[in-house]
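J.: Take this structure, written in structure tokens, and hold onto it; I'll ask about it next.
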Amino acid sequence: MATQDTARNSVPRRRIDFQELVAIATGGAVGSLARVGLSQALLTSPGEWPWATFAVNIAGALMLGYFVTRLQERLPVSTLRRPLLATGLCGAFTTFSTVQIELLKMADRNDYALAAAYLAVTVVCGYIAVFASSALVRRVRALT
Amino acid sequence: MRSAKSLHPDRTWRPFGWDDVVSTPGWIAVAVLGSVGSIARFLVDRSVSRHTAARFPLGTLAVNASGALLLGLLTGLALSGEALVLAGSATLGSYTTFSTWMLETHKLGEDGQLAAGAANVLVSMTLGIGAALLGRAIGGAL
């Protein structure tokens, strides 16, 4: 796993591990339920800021930065925590495709300002979320 | 989703209005399809990454662009209600990912590959919107 981070493309082949798939599926089920649940509870119309999608994406980016940085410091590296929490949970909790459809619907209404703001704010906040959570983990690690 | 909205046109915050659209077996399907989407993402990402020498995160790009194309297709086919929630939000929502895209962009930035990081943001956005538009056009024509 550690080698996959630093040089994932130089790892020629790793056999698919059944336990790893189960971990991804479990995290994916929970992430999917949480995201769809929130999106159903917090329905927004195309003219509004898509709060549900925005919230899951920023929260999921925060969580992923935290998990990945935390898991890097564990030796021996837990082999199933990363597929469960990172690939499964955070991967499924956040979404890219829904954002694109929301942007198209905003553009359909000629709401280009909202679409541009939504895209820019999502990307900037998502980046800051990963940056902040991983920096915080490292700061805490340096103190302890 | 749209039909549920029209039941309460004056309310956007509907904490207990879920079962309007998604039935109890539907929620089980949300979990199962979320697993399927996640495993598909893992397998596509890993097979694309393995066949490319570049350090650029092409696996996630392939996942997100293909997922946006398919969700555009479902939108073009005018799928609605529970079917859209299951095929769109649950399956394709879980298949595509925002957090990994941001994590990989952050990693490129940390490695000093600022141009690659910026390209990862711009190419994903452009291909994502283009793929969704294309998918919707194909779905509308079918």
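J.: Picking from A:Ala92, A:Ala135, A:Ala129, A:Ala61, which residue would you name as being free of Cβ contacts under 8 Å to residues at least 40 places away in the same chain and either closer than 29 Å to A:Glu20 by Cβ or assigned to a helix (DSSP H, G or I) (or both)? First the steps, then the outcome.
T.: Details: A:Ala92 fails: free of Cβ contacts under 8 Å to residues at least 40 places away in the same chain; A:Ala129 fails: free of Cβ contacts under 8 Å to residues at least 40 places away in the same chain; A:Ala61 fails: free of Cβ contacts under 8 Å to residues at least 40 places away in the same chain.
The unique qualifying residue is A:Ala135.
J.: Does A:Arg82 satisfy the criteria of being surrounded by 13 or more Cβ atoms within 10 Å (Cβ to Cβ), assigned to a helix (DSSP H, G or I) and modelled with pLDDT under 95?
T.: On the way: surrounded by 13 or more Cβ atoms within 10 Å (Cβ to Cβ): yes; assigned to a helix (DSSP H, G or I): yes; modelled with pLDDT under 95: yes.
Taking the combined requirement at face value, the residue satisfies it.
J.: Does region A:117-129 contain any residue that is hydrophobic (A, V, I, L, M, F, W, C), in contact with a Gly (Cβ under 7 Å, 6 or more places away or on another chain) and farther than 20 Å from B:Phe42 by Cβ?
T.: Within region A:117-129, the subset hydrophobic (A, V, I, L, M, F, W, C) is A:117, A:119-121, A:123-125, A:128-129.
From what is left, the residues that are in contact with a Gly (Cβ under 7 Å, 6 or more places away or on another chain) are A:129.
With farther than 20 Å from B:Phe42 by Cβ added as a condition, the list becomes A:129.
Checked region A:117-129: at least one residue is hydrophobic (A, V, I, L, M, F, W, C), in contact with a Gly (Cβ under 7 Å, 6 or more places away or on another chain) and farther than 20 Å from B:Phe42 by Cβ.
J.: Do we have A:Ala113 as out of contact with any helix residue (DSSP H, G or I) (no Cβ under 8 Å at 6 or more places or on another chain), outside any loop (DSSP other than H, G, I, E, B), more than 8 Å from every other protein chain (Cβ to nearest Cβ) and within 21 Å of B:Gly117 (Cβ to Cβ) here?
T.: Details: out of contact with any helix residue (DSSP H, G or I) (no Cβ under 8 Å at 6 or more places or on another chain): yes; outside any loop (DSSP other than H, G, I, E, B): yes; more than 8 Å from every other protein chain (Cβ to nearest Cβ): yes; within 21 Å of B:Gly117 (Cβ to Cβ): no.
So A:Ala113 does not fit the description; no.
J.: Report, ordered by the first and then the second residue, all pairs with beta carbons closer than 6 Å, sequence separation of six or more or different chains, a first member in region B:13-34 that is outside any helix (DSSP H, G or I) and of a type outside the set (A, V, I, L, M), and a second member that is surrounded by fewer than 18 Cβ atoms within 10 Å (Cβ to Cβ) and modelled with pLDDT of 85 or more.
T.: B:Pro15/A:Ala41
J.: Scanning for something out of contact with any His (no Cβ under 9 Å at 6 or more places or on another chain) and in a loop (DSSP other than H, G, I, E, B), does region A:95-103 turn up at least one residue?
T.: Going residue by residue through region A:95-103, those that are out of contact with any His (no Cβ under 9 Å at 6 or more places or on another chain) are A:95-103.
Pick out the ones that are also in a loop (DSSP other than H, G, I, E, B) and you get A:95-96.
Yes, some residue in region A:95-103 is out of contact with any His (no Cβ under 9 Å at 6 or more places or on another chain) and in a loop (DSSP other than H, G, I, E, B).
J.: Any idea which of B:Gly88, B:Gly26, B:Gly112 is out of contact with any Gly (no Cβ under 8 Å at 6 or more places or on another chain) and on the phi > 0 side of the Ramachandran plot? Let's see the steps before the verdict.
T.: Working: B:Gly88 fails: on the phi > 0 side of the Ramachandran plot; B:Gly26 fails: on the phi > 0 side of the Ramachandran plot.
Answer to the selection: B:Gly112.
J.: Among the residues of region B:72-94, what is the count of those that are part of a helix (DSSP H, G or I), hydroxyl-bearing (Ser, Thr, Tyr) and more than 7 Å from chain A (Cβ to nearest Cβ)?
T.: So the first thing to find is which residues in region B:72-94 are part of a helix (DSSP H, G or I), and the list is B:72-76, B:81-94.
If we keep only those that are hydroxyl-bearing (Ser, Thr, Tyr) as well, we get B:75, B:89, B:91, B:94.
From what's left, more than 7 Å from chain A (Cβ to nearest Cβ): B:91.
The total comes to 1.
J.: Find the residue count for region B:41-72, including only residues that are under 12 Å from the mean Cα position of the chain (by Cα) and among the aliphatic types (A, V, I, L, M).
T.: Step one: filter region B:41-72 for residues under 12 Å from the mean Cα position of the chain (by Cα), giving B:41, B:60-72.
Still in the list and also among the aliphatic types (A, V, I, L, M): B:61-63, B:65, B:68-71.
Result for region B:41-72: 8.
J.: Within region A:28-47, track down each residue that is facing another protein chain (nearest Cβ under 7 Å) and not in a helix (DSSP H, G or I).
T.: The answer is A:Leu42, A:Leu43, A:Thr44, A:Ser45.
J.: Further question: Of the residues that sit in region A:57-85 and are of a type outside the set (S, T, N, Q) and at the interface with chain B (Cβ under 8 Å from one of its Cβ atoms), which one is nearest to B:Ala87 (Cα to Cα)?
T.: At the first step, the residues of region A:57-85 found to be of a type outside the set (S, T, N, Q) are A:58-68, A:70-71, A:73-77, A:80-85.
If we keep only those that are at the interface with chain B (Cβ under 8 Å from one of its Cβ atoms) as well, we get A:60-61, A:63-65, A:68, A:83.
Working: A:Gly60: 21, A:Ala61: 24, A:Met63: 25, A:Leu64: 25, A:Gly65: 28, A:Val68: 29, A:Pro83: 23 Å.
In this case the residue turns out to be A:Gly60.
J.: Right, B:Gly72: out of contact with any strand residue (DSSP E or B) (no Cβ under 9 Å at 6 or more places or on another chain) and within 18 Å of B:Arg41 (Cα to Cα) or not?
T.: yes
For every residue, the table says whether it meets (1) crowded, with 17+ Cβ neighbours inside 10 Å; (2) free of Cβ contacts under 8 Å to residues at least 60 places away in the same chain.
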site: B:Thr96; (1), (2): yes, yes
site: B:Ser99; (1), (2): yes, yes
site: B:Ala115; (1), (2): no, yes
site: B:Ser124; (1), (2): yes, no
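J.: Determine which member of the set B:Gly81, B:Gly37, B:Gly109 is touching a Ser or Thr at 6+ places or on another chain (Cβ under 8 Å), free of Cβ contacts under 8 Å to residues at least 60 places away in the same chain and not acidic (Asp, Glu). Before you say what the answer is, go through the steps one by one.
T.: Working: B:Gly81 fails: free of Cβ contacts under 8 Å to residues at least 60 places away in the same chain; B:Gly109 fails: touching a Ser or Thr at 6+ places or on another chain (Cβ under 8 Å).
None of the others qualify; the one that does is B:Gly37.
J.: Is there a residue in region B:57-80 that is within 13 Å of A:Val36 (Cβ to Cβ) and either at pLDDT below 95 or not charged (D, E, K, R) (or both)?
T.: Filtering region B:57-80 for residues within 13 Å of A:Val36 (Cβ to Cβ) gives none.
Checking region B:57-80: not a single residue is within 13 Å of A:Val36 (Cβ to Cβ) and either at pLDDT below 95 or not charged (D, E, K, R) (or both).
J.: Go through (1) of a type outside the set (Lys, Arg); (2) within 9 Å of chain A (Cβ to nearest Cβ); (3) part of a helix (DSSP H, G or I) for B:Ala118 and report which single condition fails.
T.: Failing condition for B:Ala118: (2).
The values are calculated or read from the model by the stated rules, or taken from the named source; none is laboratory data. Remember, predicted model here, so these are calculated numbers, not experimental data. Cβ: placed from backbone, ideal geometry, glycine included. Neighbour counts: every protein chain shown.
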